[in-house]
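Enquirer: Okay, handing you the structure first.
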Amino acid sequence: MSDRWVELLGEALGDADRAQAVESAVLADPAGLIAQLGERTEEEQALGEISGLLSALARADTVSSMEQWFADRANGWQPEHRRSGTIGVESAGVEWTYAGSYSRDRTFHGAPAQDQPVAAHGFTIFSVENGVFTVFRHIDWAGLFAQLGFTLNTRVPLDPPPEEPRGENGD
């Protein structure tokens, strides 16, 4: 976990000390941390929301990655509560949308920033594999590329076939 990741986690939780405790749990008790991700307060249950800790972890992970190219807009990261929560016994996931603006000084796939609004959609999964806390972040890059006017070309370029030798009459 980077310092920026922990800082964003502290902002999302509203508690820098709790963010440090979560960082320690990632190393010391990853399975216990996964169990905590499924625990919701009575208010979260009543509102049909995912755990605040699960949401905060996913936000910290997403924003720390996306902010290298995109400036966060107000309420720029939003979870989709209806399609988020525990996944089996050892995993939890969050579907999310990140609304930002392509206005950073860095280029994104070679294109200079043009202060263009974007909305990226994705899903982040937290789990424990071989005793290690793991994070898998899936982003709809095709949708993001389309918003920026990029195209995806998955065709492998082929050399044109050699020309057939022609006779004297061109046949």
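Enquirer: With the requirement that a residue be modelled with pLDDT of 85 or more and surrounded by 16 or more Cβ atoms within 10 Å (Cβ to Cβ), what does segment 1-24 give you?
Expert: Passing the criteria: 6, 8, 9, 10, 12, 13, 19, 22, 23.
Enquirer: For segment 68-135, which strands (runs of 3 or more DSSP E) that fit wholly inside it have 3 or more residues that are loosely packed, with under 14 Cβ neighbours inside 10 Å and under 16 Å from the mean Cα position of the chain (by Cα)? Walk me through it before giving the result.
Expert: Numbers: elements: 71-87, 91-102, 116-129.
Counting at least 3 such residues, we get 71-87.
Enquirer: So, of the residues in segment 139-155 that are touching a strand residue (DSSP E or B) at 6+ places or on another chain (Cβ under 9 Å) and not aliphatic (A, V, I, L, M), which turns out to be surrounded by the fewest Cβ atoms within 10 Å (Cβ to Cβ)?
Expert: Step one: list which residues in segment 139-155 are touching a strand residue (DSSP E or B) at 6+ places or on another chain (Cβ under 9 Å), which gives 139-141, 143-144, 147-150.
Now narrow it down to the ones that are not aliphatic (A, V, I, L, M): 140-141, 143, 147, 149-150.
Numbers: 140: 14, 141: 13, 143: 13, 147: 13, 149: 9, 150: 15.
Only one residue tops the list, namely 149.
Enquirer: I've got another one for you. Only one of 78, 68 is out of contact with any His (no Cβ under 7 Å at 6 or more places or on another chain) and either at pLDDT below 90 or within 19 Å of residue 134 (Cα to Cα) (or both); which?
Expert: Details: 78 fails: either at pLDDT below 90 or within 19 Å of residue 134 (Cα to Cα) (or both).
Selected residue: 68, the only one of 78, 68 that is out of contact with any His (no Cβ under 7 Å at 6 or more places or on another chain) and either at pLDDT below 90 or within 19 Å of residue 134 (Cα to Cα) (or both).
Enquirer: Which numbered condition trips up residue 145, out of (1) assigned to a helix (DSSP H, G or I); (2) closer than 30 Å to residue 6 by Cβ?
Expert: It is condition (2) that residue 145 fails.
Enquirer: On to the next question. I'd like the full set of residues that are of a type in the set (D, E, K, R) and more than 16 Å from residue 75 (Cα to Cα), limited to segment 94-118.
Expert: 104, 105, 106, 115 - these are the residues of segment 94-118 that are of a type in the set (D, E, K, R) and more than 16 Å from residue 75 (Cα to Cα).
Enquirer: Next question, about the same structure. If you go through segment 40-63 one residue at a time, do you hit one that is in contact with a strand residue (DSSP E or B) (Cβ under 9 Å, 6 or more places away or on another chain), among the hydroxyl-bearing types (Ser, Thr, Tyr), surrounded by 14 or more Cβ atoms within 10 Å (Cβ to Cβ) and assigned to a loop (DSSP other than H, G, I, E, B)?
Expert: yes
Enquirer: Okay, next question. Just a yes or no: is a residue in segment 27-37 β-branched (Val, Ile, Thr), closer than 24 Å to residue 120 by Cβ and crowded, with 18+ Cβ neighbours inside 10 Å?
Expert: For segment 27-37, residues β-branched (Val, Ile, Thr), closer than 24 Å to residue 120 by Cβ and crowded, with 18+ Cβ neighbours inside 10 Å: absent.
The values are calculated or read from the model by the stated rules, or taken from the named source; none is laboratory data. Keep in mind that what you see is a predicted model, and the values were worked out from it rather than measured. Methodologically, a virtual Cβ is constructed for each residue, glycine included, from the backbone with ideal geometry; neighbour enumeration extends over all protein chains shown.
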